[in-house]
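Student: Before we start, here is the structure in question, set down as structure tokens.
Since every read-out is calculated from the coordinates, none of them should be taken as a lab result. Keep in mind that what you see is a predicted model, and the values were worked out from it rather than measured. Cβ: placed from backbone, ideal geometry, glycine included. Neighbour counts: every protein chain shown.
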Amino acid sequence: MNNAFDVVVIGGGPGGYVAAIRAAQLKLNVALVEREHLGGICLNWGCIPTKALLRSSEVFSLIKHASDYGITVKDVTFDLTKIVERSRSVAGQLSGGVKHLLKKNKVTVFDGFGKLLGKGKIAVDGPNKTEITAKHIIIATGARARALPGMEPDGKLVWTYKEAMVPKTMPKSLLVVGSGAIGIEFASFYRSIGVDVTVVEVMERILPVEDEEISALARKAFEKQGMKIITGATVKALDKGADNVTATIEAAGKAEKHTFDRVIMAVGIVANTEGLGLENTKVKTEKSHIKIDQYCMTDEPGVYAIGDVVGAPWLAHKASHEGVICVEKIAGVKGVHPLNVQNIPGCTYCQPQVASVGMTEAKAKAAGKEIRVGRFPFIGNGKAIAMGEPEGLVKTIFDAKTGELLGAHMIGAEVTEMIQGYVVARTLESTENELMHTIFPHPTISETMHEAVLAAYGKAVHI
């Protein structure tokens, strides 16, 4: 086997495998080193299998309300084993698909852990230890769940996302520490299938990166479903019993003890940089993440980094886009644009769904922008009412002087699919004029997007 390559990618997640395939498309000789699962955490233990779980809970929740649609269903139950099996099967199918794509594009795959030995050299520690060389090395090793001192997950009583995806039995009560996308998605899944869920968030509101108005609506919806939410609070200790955990939760200067069957820790992530041999290079890190420039280059010539290992936003689609930018820059493709973080959509697949792109209202004001804000509720949309999903809101934020769409924020059914319309608009640098004159199909929930634009300029029709 030839062990000399143009590009070697370390890590086969959504950043790494996409970078490898794009490099191969550009006629470069490419290798990918992956220690565990092709597709990475996202495909095997994150984005994809969690969506399969959430779909099961969504169907279960819908069936429980079948009478609202004139349908009678009796004795509704669920089979936890089959729910988990379906989730794992979906992940397995897609991991196999990544393997096929890499083979199709003639990417050489090495099973093992990659370590930089110096300029252009990588040691692969796997079933067959070997050394390979490359003109360009892309680090795409991702990140892992952050553990708080004294409250480290044990896999039995205190879970990370991994254990939360494959429960052998369903807990009656659950504490979720952290209300970012990961924490809220698990809280939503378990609550929808009947678990007594409590969410603790150190910030003053849940989903703290979202627009404040959307966060408030999300909290209202979750609490209506029976979820308990404690904000401005910290978990001071977790005392493990034989089959439960007693948490000391402090809020407003007062500490209280609450007992739960299980705890999910969702308090952020830490970059996977250990053991990579960075000490053999000029690569610099900051708060565990690798420092890069706008084209994903590190301080070591010929070494690049993409995805979660370089920092927020920790999103699969951001990693994939960085992979393409990085490889096209290496290959000398003309017109490569740096990543615009403001054009990266964020999606949380809870019930109701949350999605956004660009500036929140607060950030736009803090930036000194003169703004126009449009809002349109789902209750004014025929399709949403027909679907039995009348609770939701689309919010748009425009620059009052230029008409630039600064941000869009949504909560409600299918908004994770709809947000892309606003992402395209921002990428094309559309103004309110183009969006107002865009024809949206009727009847669709996407019409709320049009109305929210019109509303920012006092032209909304259906409210």
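Student: In 5 Å bins starting at zero, report the fraction of Cα pairs in the stretch 78-214 per bin as a rounded %.
Tutor: Pairs per bin, as whole percents: 2, 7, 12, 14, 14, 12, 12, 11, 9, 5, 1.
Student: Still on this model: Quick one: net charge of residue 243's neighbours, Cβ under 12 Å, K/R +1, D/E -1? Walk me through the intermediate numbers first.
Tutor: Values: positive: 156, 172, 240, 262; negative: 261.
Around residue 243, the surrounding residues sum to +3.
Student: Can you tell me the alpha carbon radius of gyration of the stretch 158-266 divided by the globular rule-of-thumb value 2.2 N^0.38 Å?
Tutor: Expressed relative to 2.2 N^0.38 Å, the Cα Rg reads 1.00.
Student: OK, next. Just the number, please: percent antiparallel of the DSSP beta bridges in the stretch 158-266, rounded to the nearest 5.
Tutor: Percentage antiparallel, nearest 5: 50.
Student: Taking Cβ-Cβ under 4.7 Å as the only way to count a partner, pick out the unpartnered cysteines of the chain.
Tutor: 347, 350
Student: Using a ≥ b ≥ c from the Cα gyration tensor of the stretch 190-253 (square roots of the eigenvalues), is it rounded, prolate or oblate, where a/c under 1.5 gives rounded and otherwise the larger of a/b and b/c decides, a/b for prolate?
Tutor: Oblate is the answer for the stretch 190-253, as a/c is 1.5 or above yet b/c matches or exceeds a/b.
Student: According to a simple spin-label model (label point 7 Å from Cα along Cα-to-Cβ), what is the distance in nm between residue 71 and residue 288?
Tutor: Going by the 7 Å Cα→Cβ label model, 4.3 nm.
Student: Now a separate question. Percent of alpha carbon pairs in the chain separated by more than 44 Å?
Tutor: 16 percent
Student: Over the chain, what is the percentage of antiparallel beta bridges among all DSSP beta bridges, to the nearest 5? Display every interim value, and only then the final one.
Tutor: Numbers: 52 of 84 bridges.
Expressed as a percentage, antiparallel bridges in the chain total about 60.
Student: Another one. With a 10 Å radius around each residue's Cβ, average the other Cβ atoms per peptide and rank 108-115, 37-44, highest first. Don't skip to the answer; put the middle values down first.
Tutor: Values: 108-115: 19.1, 37-44: 23.8.
Final packing ranking: 37-44, 108-115.
Student: Roughly speaking, what is the centre-to-centre gap between the stretch 7-49 and the stretch 63-112 when only Cα atoms are used, to the nearest Å?
Tutor: Measuring centre to centre over Cα atoms gives 21 Å.
Student: Mind jotting down a quarter of the surface of the convex hull over the alpha carbons of the stretch 352-456, in square nanometres, one decimal?
Tutor: Working: hull surface 23.4 nm².
Computed as one quarter of the Cα hull surface, the answer is 5.9 nm².
Student: Right, something else. Distance in nm between label sites at residue 82 and residue 439, each 7 Å beyond Cα in the beta-carbon direction?
Tutor: Computed distance between label sites residue 82 and residue 439 equals 4.5 nm.
Student: Counting only the backbone N, which residues of the stretch 60-74 are under 19 Å from the spot 7 Å out from the Cα of residue 193 toward its beta-carbon?
Tutor: So the set is 60-66.
Student: Among 120, 18, 347, whose Cα sits farthest toward the positive end of the charge dipole of the chain (+1 at Cβ of Lys/Arg, -1 at Cβ of Asp/Glu, about the Cα centre)?
Tutor: 120
Student: Here is a further query. As a footprinting exposure proxy, order 65, 289 by other Cβ within 10 Å, with the fewest listed first.
Tutor: So the residues, fewest neighbours to most, are 65, 289.
Student: Right, something else. Hey, which of these cross-link pairs are over 20 Å Cα-Cα: 228/254; 369/459; 27/329?
Tutor: Beyond 20 Å between Cα atoms: 369/459.
Student: Where does each of 79, 211 land when they are ranked from fewest to most other beta-carbon atoms within 10 angstrom?
Tutor: 79, 211
Student: How much space per residue, in cubic angstrom, does the convex hull of the C-alpha atoms of the stretch 244-289 take up?
Tutor: 121 Å³
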